[in-house]
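Read-outs: derived from the displayed coordinates by stated rules, not from any lab. None of the values given here were measured: they were computed from a predicted structure. We place every Cβ from the backbone using ideal geometry, glycine too, and count neighbours over all the protein chains shown.
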Amino acid sequence: DTEVTQTPKHLVMGMTNKKSLKCEQHMGHRAMYWYKQKAKKPPELMFVYSYEKLSINESVPSRFSPECPNSSLLNLHLHALQPEDSALYLCASSPPSGGTYNEQFFGPGTRLTVL
Amino acid sequence: AQKVTQAQTEISVVEKEDVTLDCVYETRDTTYYLFWYKQPPSGELVFLIRRNSFDEQNEISGRYSWNFQKSTSSFNFTITASQVVDSAVYFCALSEAPIRSNDYKLSFGAGTTVTVRA
């Protein structure tokens with residue numbers, strides 16, 4: 001299995017809703033990432049988990065709450081979002097360092113619309 | 001701080017033309033990694049190539065080739081004999097050595113939109 005999967009593909013939610021994005025990989029990667037990408041812009045890093053521990057939080061508002069229940073799963077819990085949070089949310093994973101390669105492999109993304 | 005500049009916002013070519021995408025980077029680290037990713041309209045970022053700072057060999061993969069020059073801090077990407085399926089946004093990215101063992105921060109350039117017309 002050489003892919004990163006993300007569910008759902010599309011999500012529409014109101015500002016008072018609570019929803020979660022899910023990301024899964026079975027490549028044995030021990031770093032997982034959340035990115036946010038607005039239209040016609042590059043991806044912006046939100047969070048990095050390394051060996052299931054939160055390693056980097058790029059000053060993301062608390063209405064975004066990441067969770068890494070195990071080495072294969074990464075969730076992003078959403079609560080009280082704003083319309084400007086509408087974007088493509090990309091998950092990525094990368095192999096453990098010490099190996100030859102450290103490229104990040106991306107999932108197809110969840111397109112989020114906040115009404 | 002690291003920075004990646006892709007000066008070309010959009011490039012439009014006719015099929016079979018060659019197209020070169022420029023990427024210039026800035027970093028203070030001596031160890032760093034450069035990447036190219038392709039993002040087709042479907043949205044998924046597809047990894048194309050990784051280059052280490054200590055490996056200046058150019059590379060060719062089918063119709064794709066990359067020219068890495070440390071002297072000018074550039075990592076340019078050429079598509080030879082372009083095809084309609086090459087239409088996508090292409091991102092150049094830079095990653096310095098991780099702070100800890102496993103977390104790499106990717107800094108992306110703004111991206112270049114390539115449109116190949118039939």
Report task. Report relative contact order for segment A:1-53 in percent, whole number only (criteria: Cα-Cα under 8 Å, sequence separation at least 6). Result -> 30 percent
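Roughly speaking, what is the stretch gain from A:VAL12 to A:GLU84, that is 0.36 nm per residue apart minus the C-alpha to C-alpha distance, in nm to one decimal? Walk me through the intermediate numbers first.
Working: separation 72, 0.36 × 72 = 25.92 nm, distance 1.30 nm.
Extending this stretch completely gives an extra 24.6 nm.
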Query raised in the report: For B:VAL13 and B:THR78 in one chain, what is 0.36 nm times their gap in residues minus the Cα-Cα distance, to one decimal in nm?
Result: 22.1 nm
Report summary line: Once phi for every residue in segment A:46-53 is put through the Karplus expression 6.51 cos²θ - 1.76 cosθ + 1.60 (θ = phi - 60°), the whole-Hz ³J(HN,Hα) values, with Gly and Pro written as x, are 10, 9, 10, 10, 10, 6, 6, 10
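Mind sorting A:TYR33, B:TYR64, A:TYR49 by how few other Cβ atoms lie within 10 Å of their own Cβ, fewest first?
Numbers: A:TYR33 30, B:TYR64 16, A:TYR49 22.
Starting with the residue having the fewest Cβ neighbours, the order is B:TYR64, A:TYR49, A:TYR33.
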Report summary line: Note, segment B:80-97: 3J(HN,Hα) by Karplus (6.51, -1.76, 1.60, θ = phi - 60°), whole Hz, Gly/Pro = x, goes 8, 6, 4, 10, 4, 5, 7, 4, 5, 9, 10, 10, 9, 9, 10, 9, 8, 4
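For chain B, what is the charge dipole size about the Cα centre, in debye to the nearest 20, if Lys and Arg each add +1 at the Cβ and Asp and Glu each add -1 at the Cβ? Before the final figure, lay out each step's value.
Working: 11 positive and 14 negative charges, 37 e Å.
The dipole magnitude comes to about 180 debye.
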Query raised in the report: What is chain A's relative contact order, in percent, from Cα pairs under 8 angstrom and six or more apart in sequence?
Result: 36 percent
